[in-house]
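Visitor: Here you go, one structure.
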DNA sequence: GTTCGAAAGTGATCTACATCACGTAATGCC
DNA sequence: GGCATTACGTGATGTAGATCACTTTCGAAC
């Protein structure tokens, strides 16, 4: 399925746009292809776009003290990613985004999103619900962080996204779980 | 300032409603008064409303194993609170909400919010931005959890909300930080 | 195939925090 | 006022996970 159709079906789940309206909305999206390892957003950059993933896997991450990496999100197909803090507040990026695998994305500027939202009530509706889902996911993850130990969080992650196990290196999974790679390694090599 | 004016100014920051439109929107909000300790949402309840805080302080929290409490949010004036997972998905509450102090709130049903959003594009705009801010705050807190130690998180919390120190008991602050009350106690009684 | 850098496994040690246990101060209630 | 309940302080001990150091495996480039 091509990018346009993927986005169309994604939006159709929460908002009713006519074909003409969708075509118009789609005209603001720019398709981009990235190679594995390519950087999309780098700390310190101005951030003007958000990205809708068509294929591949990206990661959004924060780096503290130029050493430790914390992964906020693995962005899989039909997910959106960016440094939303910087995007909405028009500040420099504090979050990095790069590609774990080759990836195709659709790119939308902050300005164009706001334009579309003001022109179509249904587009505003869509973006409200999209953010909503993100908010609930983030809250759920926060709770899981406070309440569960590393083993449980690891098992939950793989239960929800089994493909991650083979798709991304283990040290990135550790960076998502917020533990050291050594701890993660010991975790799945000692039974129970 | 009365409740109506507080909500009006709150909305006016992100959405342009005429006085007539606001009056109509406001007619869907129901003012409620709670006493300290009163329960607003209890685990297992159906959740049909969200709450805009006018005065006082509420907490939204999860209880695991009927023992440990984790506070997701201290809801202060002009904040919104509810079990949003249950509210949007029309499921039973897994989050509890109750009052730390006497409180006045404005109460809005899920159904009425959606009605208002579909009737006024600007209302949809407002709720998109509200959720957006919540999403960014949640993400920021998640990062702080992964990256900072307890002392730093405690200091950040008090720097952001100094009034909390005298307003809420220390064991609730511990439940927000995700540490035991003993650890928090030792933290601010040993210097550095 | 050989080489090299990144990823991953593993042992030893250290530390922040949990948990348990108990004592004390503050607060509400009859 | 007296009593109970809740909040808070503090010591002793246990443990999950961090950190450091080193080895092994793997995958990509030549």
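Only the coordinates and a few stated rules stand behind these numbers; no lab work does. Quantities reported herein were computed from a predicted structural model and do not represent experimental measurements. Because the Cβ atoms are built from the backbone with ideal geometry, glycine has one as well, and the counts that use them run over all protein chains shown.
Visitor: What's the total number of residues in the range B:104-124 that are out of contact with any strand residue (DSSP E or B) (no Cβ under 9 Å at 6 or more places or on another chain) and not in a helix (DSSP H, G or I)?
Guide: 1
Visitor: Shifting gears a bit: Of the residues in the range A:155-169, how many are within 12 Å of DNA strand C (Cβ to nearest atom) and surrounded by 13 or more Cβ atoms within 10 Å (Cβ to Cβ)? I'd like the intermediate steps shown before the answer.
Guide: Here is the first cut: in the range A:155-169, the ones within 12 Å of DNA strand C (Cβ to nearest atom) are A:164-169.
Keeping just the survivors that are surrounded by 13 or more Cβ atoms within 10 Å (Cβ to Cβ) gives A:164, A:167-168.
The total comes to 3.
Visitor: Within 16 Å of the chain's Cα centre (by Cα) and part of a helix (DSSP H, G or I): is that true of residue B:7 in this structure? Give the steps one after another, and end with the answer.
Guide: Details: within 16 Å of the chain's Cα centre (by Cα): yes; part of a helix (DSSP H, G or I): yes.
Considered against the rule, which asks whether it is within 16 Å of the chain's Cα centre (by Cα) and part of a helix (DSSP H, G or I), residue B:7 comes out as yes.
Visitor: Being near DNA strand D (Cβ under 10 Å from one of its atoms) and either in contact with a strand residue (DSSP E or B) (Cβ under 6 Å, 6 or more places away or on another chain) or touching a residue at least 24 places away in the same chain (Cβ under 8 Å) (or both) is the filter; apply it to the range A:152-168 and report the residue that is farthest from the other protein chains (Cβ to nearest Cβ).
Guide: A:154
Visitor: Something else now. Hey, among A:185, A:138, which residue is under 22 Å from residue B:63 (Cα atoms) and either within 16 Å of DNA strand C (Cβ to nearest atom) or in contact with a helix residue (DSSP H, G or I) (Cβ under 9 Å, 6 or more places away or on another chain) (or both)? Steps first, answer last, please.
Guide: Details: A:185 fails: under 22 Å from residue B:63 (Cα atoms).
Testing whether each residue is under 22 Å from residue B:63 (Cα atoms) and either within 16 Å of DNA strand C (Cβ to nearest atom) or in contact with a helix residue (DSSP H, G or I) (Cβ under 9 Å, 6 or more places away or on another chain) (or both) leaves just A:138.
Visitor: I'd like the full set of residues that are within 14 Å of chain A (Cβ to nearest Cβ), within 9 Å of DNA strand C (Cβ to nearest atom) and part of a helix (DSSP H, G or I), limited to the range B:170-182.
Guide: B:174, B:177
Visitor: Looking at the range B:125-151, which of its residues are farther than 28 Å from residue B:113 by Cβ, within 11 Å of chain A (Cβ to nearest Cβ) and assigned to a helix (DSSP H, G or I)? Let's see the steps before the verdict.
Guide: Narrowing the range B:125-151 to residues farther than 28 Å from residue B:113 by Cβ: B:143-151.
So of that shortlist, the ones also within 11 Å of chain A (Cβ to nearest Cβ) come out as B:143-148.
Of everything in the range B:125-151, those that are farther than 28 Å from residue B:113 by Cβ, within 11 Å of chain A (Cβ to nearest Cβ) and assigned to a helix (DSSP H, G or I) turn out to be B:143, B:144, B:145, B:146, B:147.
Visitor: Only one residue in A:101, A:94, A:78, A:14 is within 12 Å of chain B (Cβ to nearest Cβ), in a loop (DSSP other than H, G, I, E, B), within 16 Å of the chain's Cα centre (by Cα) and surrounded by fewer than 18 Cβ atoms within 10 Å (Cβ to Cβ), so which one is that?
Guide: Working: A:101 fails: within 12 Å of chain B (Cβ to nearest Cβ); A:78 fails: within 12 Å of chain B (Cβ to nearest Cβ); A:14 fails: within 16 Å of the chain's Cα centre (by Cα).
After ruling out the rest, the residue left standing is A:94.
Visitor: Can I ask one more? Just give me the residues in the range A:17-58 being in a strand (DSSP E or B) and within 14 Å of chain B (Cβ to nearest Cβ), in sequence order.
Guide: To start, the set of residues in the range A:17-58 that are in a strand (DSSP E or B) comprises A:30-34, A:39-41, A:46, A:49-55, A:58.
Across the range A:17-58, the qualifying residue is only A:50.
Visitor: Among the residues of the range B:59-75, how many are within 11 Å of chain A (Cβ to nearest Cβ) and part of a strand (DSSP E or B)?
Guide: 11
Visitor: Among the candidates A:139, A:122, single out the residue that is crowded, with 18+ Cβ neighbours inside 10 Å and in contact (Cβ under 8 Å) with a residue 40 or more places away in the chain.
Guide: On the way: A:139 fails: in contact (Cβ under 8 Å) with a residue 40 or more places away in the chain.
On inspection, the qualifying residue turns out to be A:122.
Visitor: Do we find a residue being more than 13 Å from DNA strand D (Cβ to nearest atom) and under 19 Å from residue B:141 (Cβ atoms) anywhere in the range A:108-122? Even if it seems obvious, please write down each step before you answer.
Guide: Of the residues in the range A:108-122, the ones more than 13 Å from DNA strand D (Cβ to nearest atom) are A:108-122.
Okay, now just the ones that are also under 19 Å from residue B:141 (Cβ atoms), so none.
Looking for residues that are more than 13 Å from DNA strand D (Cβ to nearest atom) and under 19 Å from residue B:141 (Cβ atoms), one finds none in the range A:108-122, hence no.
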